[in-house]
Amino acid sequence: MKIEDITILIAEDEEELRNYLAEYLQIFFKYVYVAKCGHSAYMLYLEKHPDIIITDINMPNLDGLNMISRIRKSDSETKIIIMSAHSEQEKLLHAVELHLVTYLIKPIQNEVLKKFLFDIVDTIRNRSERIYLGDDFFWNKKDATLWHNSEQISLKERESMLLSILCSRINHAFSSESIFYKLYAQQSDKEFSQDAITSLVKRLRQKLPKNIIQNEYGLGYKIVIKK
């Protein structure tokens, strides 16, 4: 059975290797996104929010390290593996601060890649099931329920879906458009409505600690948890 709860993005400009990696990973993962340059990969990242990114260093339009730097400005959670040639090892010394899972030297060995990916899948899945939104509030990711102390807070279907989206990337802003199309993924003909998202956010806020959902100007809504 393929892995359905973890998504992967491959960024590789070499067509033969790109196609090979895509076909190989599709043996294990249901959702594998593919980009042939850094810019396309970054756009896909913004749209799909993959759990794992595998990227080459040298790519047209936007190289791998600069793409990762953009991602890391607002996202420290996505797991990233970088691919490089032996001659590019010096560049990897400058990538330490980008919090990579690892780097792989080409040609990539299937079993090595598979082991790293399965270890990452286990790491992602073993994160705490509870996300604490305040001293007395928490979101249970496993069964998608909201709790205040020992009392479950009733959520309507769209409210639960919205909270699930926002909690999937704490402190990450989701645009109204991306939220809308996630909520109505089964209704592809439904037209975007800002009012619908604004109203839904307002209703959800009434059931959560004050200021836990914030609107970042020009970017969208996000869950902000004070540490």
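The values are calculated or read from the model by the stated rules, or taken from the named source; none is laboratory data. Since the structure is predicted, the reported quantities are computational estimates derived from the model, not experimental observations. Glycine also receives a Cβ, built like all others from the backbone with ideal geometry; neighbour counts cover every protein chain displayed.
When the residues of segment 66-84 are filtered to those that are surrounded by fewer than 19 Cβ atoms within 10 Å (Cβ to Cβ) and either charged (D, E, K, R) or more than 14 Å from the chain's Cα centre (by Cα) (or both), the one that is nearest to D119 (Cα to Cα) is E77. Identify the residue in segment 129-152 that is exposed (fewer than 15 other Cβ atoms within 10 Å of the Cβ) and under 15 Å from P209 (Cα atoms) and, among all such residues, is nearest to the chain's Cα centre (by Cα). Only one residue tops the list, namely Y132. The criterion of at least 1 residues that are charged (D, E, K, R) and at pLDDT 90 or above is met, among helices (runs of 4 or more DSSP H) falling completely within segment 1-83, by 15-25, 64-72. Reported count of residues in segment 178-193, each being within 23 Å of the chain's Cα centre (by Cα) and exposed (fewer than 15 other Cβ atoms within 10 Å of the Cβ), is 5.
Condition check ((1) crowded, with 18+ Cβ neighbours inside 10 Å; (2) farther than 24 Å from N110 by Cβ) across all residues:
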{"residue": "E23", "(1), (2)": "no, no"}
{"residue": "K30", "(1), (2)": "no, no"}
{"residue": "S40", "(1), (2)": "yes, yes"}
{"residue": "L44", "(1), (2)": "yes, no"}
{"residue": "E47", "(1), (2)": "no, yes"}
{"residue": "D51", "(1), (2)": "yes, no"}
{"residue": "I54", "(1), (2)": "yes, no"}
{"residue": "N58", "(1), (2)": "no, no"}
{"residue": "G64", "(1), (2)": "yes, no"}
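Assess whether I170 counts as being assigned to a loop (DSSP other than H, G, I, E, B) and within 28 Å of G218 (Cβ to Cβ). Yes; evaluated as a whole, the condition is true for this residue.
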